[in-house]
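Accompanying notes for the structure given below.
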Amino acid sequence: MYLHLTLTQQFVLAVQVGFGLLLFLAAFPKLVRLRGFIATVRAYRLLPPTGAPLVAIVLLVAEFALAIAFVFSLYVPIAVYAAGVLLVLFATALAINLRRNSKIACGCFGGNEVISNRSLVRLAVLGSAVVLVAVLGPIDVHLPIVITHGGAGIRFFLTTVSTAGSLILSGAWLLTLPEVSHLFRPRSPSGVRS
């Protein structure tokens, strides 16, 4: 039962749920701006332009399906490997276009962020979350069902979701460290940070 999870298992569950929430947050804006996402897929120039709509739809379905699997603990042992393959595909597409010096939108989270090394680092962080869940074993706790177990279930649900949210925010903050560290660099005599 979920109340008897070790601290490590609770952490893995939070990572698992957090990864699912991130996939949902990545997929939803792409669905809302589907034409823009198709254009982004086309801009990567990895397949014939006519294939972009199909690939965009397949990527969206995969992201939503994996989000559901991770958040609701459905087929997580299979989802872990599918997520690993998806992240490797994303990283390969990014690396190819970084090597080409392409200045295109990442397509990450539906925004207009231009691809960069930070995009690859973000994928590496997400990949490490997938590896953690794969190595330590996916946790089979169906969070919506847990809520029906009264106060203890609701506390467990809220703790898991808030820990997952904290992990997401911590990861996002760590990705901005290079920009934040710039604020603490000494200023040159002309007042410009070195």
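Per-structure values
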read-out: Computed label-point distance, nm, for sites Ala39 and Leu169 using a 7 Å Cα→Cβ extension; value: 3.4 nm
read-out: Rounded to the nearest 20 debye, dipole of region 34-152 from Cβ charges on Lys, Arg, Asp, Glu; value: 640 debye
read-out: Proxy reagent accessibility, fewest Cβ within 10 Å first, across His4, His142; value: His4, His142
read-out: Distance in nm between pseudo-label sites at Val114 and Ser128 (7 Å out along the Cβ direction from Cα); value: 2.7 nm
read-out: Theoretical gain in end-to-end length, Leu89 to Tyr75 [0.36 nm per residue, Cα-Cα removed]; value: 2.9 nm
read-out: At R0 = 35 Å, FRET efficiency that the Cβ-Cβ distance of Ile96 and Ile154 yields, to 0.05; value: 0.15
read-out: Calculated from backbone phi, Karplus (6.51, -1.76, 1.60) coupling profile of region 84-93 in Hz, x at Gly/Pro; value: x, 5, 4, 5, 5, 4, 4, 5, 5, 4
read-out: Residues Phe70, Phe64 arranged by fewest to most Cβ contacts within 10 Å; value: Phe64, Phe70
read-out: Cut-off 19 Å, label 7 Å out along Cα→Cβ of Phe28, residues of region 107-138 by amide N; value: 107-113
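Any read-out appearing in this document is the output of simple, stated calculations on the displayed coordinates, not a laboratory observation. Fair warning: this is a prediction, and the values are worked out from it, not measured in the lab. Reconstructed Cβ throughout: ideal geometry from the backbone, glycine too, with neighbour counts over all protein chains shown.
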